[in-house]
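Quick notes on the structure that follows.
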Amino acid sequence: MSIDSRMESHLQSQRQRHLDELLGLLRIPSISALSIHKEDVAIAAAFLAEALTAAGMENVKVFPTEGHPVVYGDYLHAPGKPTVLVYGHYDVQPVDPLNLWDNGPFEPSIVNNKIFARGASDDKGPTYLHIKALETILQTNGSLPVNVKFCIEGEEEIGSPHLEPFIDTHRDLLKADVLLISDTTIIGPNQPAICYGLRGLCSLEVHVQAAKSDLHSGLFGGAVPNALHAMTELLASLHDHEGKVLVEGFYEDVAPLTPEEREELAKLPQDDQAYMQSLGLNELVGEPGFTTIERTTARPTLELNGVYGGFQGEGSKTVIPAEAHAKITCRLVNNQDPQKILDQIETHLKSHEPKGVTVTITRHDHAKPFIADYHQPAIQTAVDAYQFAYDVEPHFMRMGGSIPIVEAFDRLLNLPVVLMGFSLPDENFHAPNEHFALDNFDKGLRALVYYYTHLERV
Ligand code: BES
Ligand code: MN
Ligand code: MN
């Protein structure tokens, strides 16, 4: 089990060029959430379209959407061979707090064998590996042993609002035998993992309104409702003291972990003591009866992400706040439905509305959870590819993050999904000093060259 030696030497001789090109992509501040970067997102799309063309892809096209564009390109000269659809995202998260970055987020630098930049690990680096792996095969071999289609989007970090309609109207264009994605993590530098489940997401804001304006606490205190008191009472009703969610029906559609799956999950390396230490914690909290891995990958959560209201300035102020707000997101697992969960939360909040205030809710994005059977031939090739590049068998695991469009790909195109990542869990996704290990840049390229040259059955 290996790859063509000419491809090995090509990867070595072209390594510096491959890296330089990736740094070029990392210099583009393609932050999808911020409208002032709209043009930069489009520039990143154009950069990728050029990279696809240079790699030998055809029919390369930047499809405009109502939001950010989708980049497509294909190679369809392997009749009778499987077609791989490659998905990735070229948009990135905002960079604040900027002062905590050692170097500018869009001034990529290589330090200690790591590439530092926003998007290095999530997901420009891993997506770029596919382009360079295919380019390597084409330039050494003259042709590809599989058909390939790329669908690279610029809205993953904002929930992919325009990709599902795009997939729906381009089903033929995107038709494939397997969907290959590198946008998940591996377990450690020497321990790859194949992901077979992603959590879904739903999000909402809660608004509490008391009097029509803030009131002097000396003049009115004791006789009127306080929006912050009401909000904290309301929010406290959402969990019990151990962390279980108290929203009625919240867990009713959760597919229970099978004994087999729990046994598999228990084999994953997890040291709670080291985990706590790395996070600066002296205790872990969560749903009783579940391990840390189960809690973070296979169980749903309801988290407060922001709570605000009342006086935030220097010193103290004797005021009774008229309003308060909270931002909440839930991570969902199969078979929870985001809309149904939002309904249940809304019902809970309404029925717990504290005396004297009005509670209103604004709903935001949602994504369905994804789960797949990992006993599939297309996944076996990924096992072999990791084994080849890392010299060790990958583990199978679900992951707690969300890639909102994966469930839609699965539902609309009905094809096996292979989630084969090369990023490490401690590479500061979404945080300052995001980085991507060069070791996984090299291993990732070798694993993908292996994958594309050994995919016989899907
Ligand atoms: N690549 C991540 C998701 C991920 C991370 C999956 C680690 C598995 C392991 C993705 O870019 C991401 O950050 N998704 C967001 C989605 C949200 C912004 C709609 C998430 O999970 O918060
Ligand atoms: Mn990502
Ligand atoms: Mn992300």
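A single entry from 66, 39 fulfils the requirement of being in a loop (DSSP other than H, G, I, E, B), of a type in the set (D, E, K, R) and loosely packed, with under 13 Cβ neighbours inside 10 Å: 66.
Scan region 240-256 for residues that are in contact with a Pro (Cβ under 9 Å, 6 or more places away or on another chain), at pLDDT 95 or above and part of a loop (DSSP other than H, G, I, E, B) and jot them down.
Within region 240-256, the subset in contact with a Pro (Cβ under 9 Å, 6 or more places away or on another chain) is 242-245, 250-251, 254.
The next check asks that each one be at pLDDT 95 or above; those that pass are 244-245, 250-251, 254.
Result: 244, 250, 251, 254.
When each of 152, 115, 137, 131 is tested for being in contact with a Leu (Cβ under 9 Å, 6 or more places away or on another chain), among the β-branched types (Val, Ile, Thr), open to solvent by less than 40 Å² (accessible area, probe 1.4 Å) and within 16 Å of ligand 1 (Cβ to nearest atom), the lone residue that passes is 152.
Do you know which of the residues in region 211-252 that are open to solvent by less than 50 Å² (accessible area, probe 1.4 Å) and touching an Asp or Glu at 6+ places or on another chain (Cβ under 7 Å) is nearest to residue 321 (Cα to Cα)? Top of the filtered list is 227. Can you give me the number of residues within region 89-112 that are more than 16 Å from ligand 1 (Cβ to nearest atom) and aliphatic (A, V, I, L, M)? Result for region 89-112: 4. Pull up region 126-168, narrow it to residues that are touching a strand residue (DSSP E or B) at 6+ places or on another chain (Cβ under 9 Å) and farther than 22 Å from residue 409 by Cα, then point me to the one that is nearest to ligand 3 (Cβ to nearest atom). Per the criteria, the residue is 134.
Kindly check whether there is at least one residue in region 80-93 that is open to solvent by 40 Å² or more (accessible area, probe 1.4 Å), modelled with pLDDT of 95 or more, away from ligand 2 (no atom under 16 Å from the Cβ) and in the same structural domain as residue 160 (by TED's automatic domain parsing). Yes, some residue in region 80-93 is open to solvent by 40 Å² or more (accessible area, probe 1.4 Å), modelled with pLDDT of 95 or more, away from ligand 2 (no atom under 16 Å from the Cβ) and in the same structural domain as residue 160 (by TED's automatic domain parsing).
For residue 152, indicate whether it is within 16 Å of ligand 2 (Cβ to nearest atom) and β-branched (Val, Ile, Thr). Explain how you work it out, then say what you get.
Working: within 16 Å of ligand 2 (Cβ to nearest atom): yes; β-branched (Val, Ile, Thr): yes.
The answer is yes for residue 152.
Residues are listed down the side, and each one gets a yes or a no for (1) of a type outside the set (Lys, Arg); (2) touching a Ser or Thr at 6+ places or on another chain (Cβ under 9 Å):
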| position | (1), (2) |
| --- | --- |
| 365 | yes, yes |
| 378 | yes, no |
| 386 | yes, no |
| 423 | yes, yes |
| 453 | yes, no |
| 457 | no, yes |
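Restricted to region 279-307, and to residues there that are open to solvent by 90 Å² or more (accessible area, probe 1.4 Å) and not in a loop (DSSP other than H, G, I, E, B), the residue that is nearest to residue 251 (Cα to Cα) is 303. Please indicate, with yes or no, whether at least one residue in region 160-181 is touching a Lys or Arg at 6+ places or on another chain (Cβ under 8 Å) and assigned to a strand (DSSP E or B). Looking for residues that are touching a Lys or Arg at 6+ places or on another chain (Cβ under 8 Å) and assigned to a strand (DSSP E or B), one finds none in region 160-181, hence no.
The values are calculated or read from the model by the stated rules, or taken from the named source; none is laboratory data. Note that this is a predicted model, so its numbers are computed, not measured. Quick reminder, even Gly has a Cβ in these numbers, built from the backbone with ideal geometry, and neighbours come from all protein chains shown. With ligands, DNA and RNA removed, areas are computed over all heavy atoms of the protein, side chains included. Shrake-Rupley method; radii C 1.70, N 1.55, O 1.52, S 1.80 Å.
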